[in-house]
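Below is one structure, written out as structure tokens, with a few remarks after it.
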């Protein structure tokens with residue numbers, strides 16, 4: 001073999017070449033090492049690849065540079081996701097005009113409710129603890145993109161009629177995302193009768209009620225209130241989120257059976273796109 005030729009090049013081919021082009025190959029190996037630094041051994045592999053292609057020692061140096069990026073990778077991993085429960089040192093909570101609802105003022109403002117079961121989240125929502133004297137009060141973020149009632153409050157709805165101590169009949173409870181916040185609002189002196197027809201969602205609702213004693217799950221069809229009339233007392237408010245063509249009729253039937261004189265109802269209407 002003649003000196004100056006790469007064993008893989010075989011002549012004046014573009015991949016082998018003379019020593020100066022081999023140096024460039026080593027440099028490419030260095031890039032391989034740099035990328036590999038985020039993944040451990042792959043960086044060193046990149047360095048060896050540079051040596052194989054370039055035929056020079058520069059690839060080894062590239063591997064070393066890859067190792068240098070490894071510390072940067074560890075710093076990147078250090079900036080992980082946010083904690084679910086955050087300290088309230090730089091956060092202030094103030095009451096909303098709707099009783100039982102609060103606004104959390106911090107880096108980003110958020111709608112929150114006072115957690116009835118501290119330390120527990122329902123759907124992965126963020127929680128924040130605020131120190132008030134010797135006590136710590138925990139609040140749960142209320143996501144308006146997952147709750148029509150939260151969206152209505154942020155949109156400036158005039159009245160929701162749900163307040164501490166109220167008895168609420170919630171039609172169309174689903175898995176209990178909004179129901180859990182209504183449970184926070186009415187507090188331990190209130191009650192939430194949560195009606196849901198789907199047995200799959202009903203299982204989640206029952207599990208939620210095991211921890212929140214002011215929720216009474218009812219797995220029945222809201223079209224037939226006579227089927228669960230023995231389970232529910234008279235209520236102050238009916239909240240309906242059933243998204244059915246006969247939604248108004250469903251609310252009227254339940255109001256006739258369960259709503260006390262002078263009570264209120266709130267209907268969440270889903271627009272049809274047809």
Worksheet item: For the residue pair residue 103 and residue 145, what label-to-label distance in nm results when each label sits 7 Å from Cα along the Cα-to-beta-carbon direction?
Response: 2.2 nm
Item to complete: Please arrange 199, 264, 224 by counting, for each residue, the other beta carbons lying within 10 Å of its beta carbon, fewest first.
Response: 199, 224, 264
Worksheet item: Any idea how far apart residue 189 and residue 270 come out in nm if each label point goes 7 Å out from Cα toward Cβ?
Response: 3.6 nm
Worksheet item: Roughly what would the spin-label model give for residue 96 and residue 260, points 7 Å off Cα along C-beta, in nm?
Response: 2.4 nm
Worksheet item: Among 193, 170, which comes first, then next, by fewest other beta-carbon atoms within 10 Å?
Response: 193, 170
Practice prompt. Could you pull out which residues in segment 97-126 have an amide N less than 19 Å from a spot 7 Å beyond the Cα of residue 154, following the Cα-Cβ vector?
Written response: 97-115, 122-126
Worksheet item: How do 208, 171 rank when sorted from fewest to most other Cβ atoms within 10 Å of their own Cβ?
Response: 208, 171
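Every number here is computed from the coordinates shown, using simple stated rules; none is lab data. Quick caveat, the model's predicted, so the values are computed rather than measured. No Cβ is skipped: glycine too gets one built from the backbone with ideal geometry, and neighbour counts run over all protein chains shown.
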